[in-house]
Structure formats: C-alpha cells, structure tokens
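Enquirer: Sharing a structure below in structure tokens format, with a few things to ask.
The values are calculated or read from the model by the stated rules, or taken from the named source; none is laboratory data. This is a predicted model, so every value here is computed, not measured. Every residue, glycine among them, receives a Cβ derived from its backbone with ideal geometry; neighbour counts consider all protein chains shown. When the accessible area is computed, the model is the full protein with side chains, heavy atoms only, and any ligands, DNA or RNA have been set aside. Shrake-Rupley method; radii C 1.70, N 1.55, O 1.52, S 1.80 Å.
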Amino acid sequence: CSELAARVALAEAAGIPPWRLIADPGIGFAKTPEQSLTLMRELPRFVASFCGEGSVRAAATLIGASRKGFVGRALGQPDPLQRQWGNAATVCAAIAGGGDMVRVH
C-alpha cells in the first residue's frame, strides 16, 4: 500500500483534487494468493488509510476481486467461470470492509 500512497500523493501534488482519485489495492496483481486474502481481511484498515480522516485522501476505494486466482485457490476451483459463489463472497467482503465500488465480471 505504500506504493499506492506515494502515487496518490504525487497526483495531489500535481493538482489532481482528492475527489477525483479512486484507490484500488490491486487485489490479485503482483500478489500471492495469501497476500490477496490478507488484503481482503484487512480491507477496513486499507479504506481508513486512504479515505478516512487524516488519510492520504482518495475519494473512494475500488475492489476488483472477481474471478481472481486467489478465489479459485480458496475454493479449489481452477475454472474462473465456476467461481460465482466465491465472487459473491468477495463482493460482500468488499462492501462489509468499507469498499465504495466493486468491479465484477
């Protein structure tokens, strides 16, 4: 998340207002399945660090966990098209964790 915080700070320094920024932790990108699961568990902390009072002030958070490999691994389901219940669970977890938007297939 420190890389994302640095990018948000650069955007703000370039004059982009916070309400035009969306923080996406990149679940499933350059992360192990364990790291993606940890991010989902720690989502409230992530949201607070980017959107809470005293944060780096992105306007919203976007969670895109749909069909990701970590979902398949957790379910033991290699076929992305057969992960509907896992996808539904990640959407519920994203909303419960304070995410503002979800990306799904």
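Enquirer: Just the residues that are part of a strand (DSSP E or B) and either open to solvent by 30 Å² or more (accessible area, probe 1.4 Å) or at pLDDT below 90 (or both), please, taken from region 52-87.
Expert: Residues satisfying the conditions are Ala60, Thr61, Leu62.
Enquirer: Take the conditions touching a residue at least 24 places away in the same chain (Cβ under 8 Å) and open to solvent by less than 40 Å² (accessible area, probe 1.4 Å) and apply them to Gly99. Does it pass? Break it down stepwise before answering.
Expert: Details: touching a residue at least 24 places away in the same chain (Cβ under 8 Å): yes; open to solvent by less than 40 Å² (accessible area, probe 1.4 Å): yes.
So Gly99 passes the test.
Enquirer: Mind listing whichever residues of region 16-25 are assigned to a loop (DSSP other than H, G, I, E, B), of a type outside the set (A, V, I, L, M) and touching a residue at least 24 places away in the same chain (Cβ under 8 Å)?
Expert: Asp24, Pro25
Enquirer: Which ones in region 1-51 are at pLDDT below 85 and open to solvent by 60 Å² or more (accessible area, probe 1.4 Å)?
Expert: Selection gives Cys1, Ser2, Glu3, Trp19, Ala30.
Enquirer: I'd like the full set of residues that are of a type in the set (Val, Ile, Thr) and part of a helix (DSSP H, G or I), limited to region 88-105.
Expert: Within region 88-105, Thr90, Val91, Ile95 meet the criteria.
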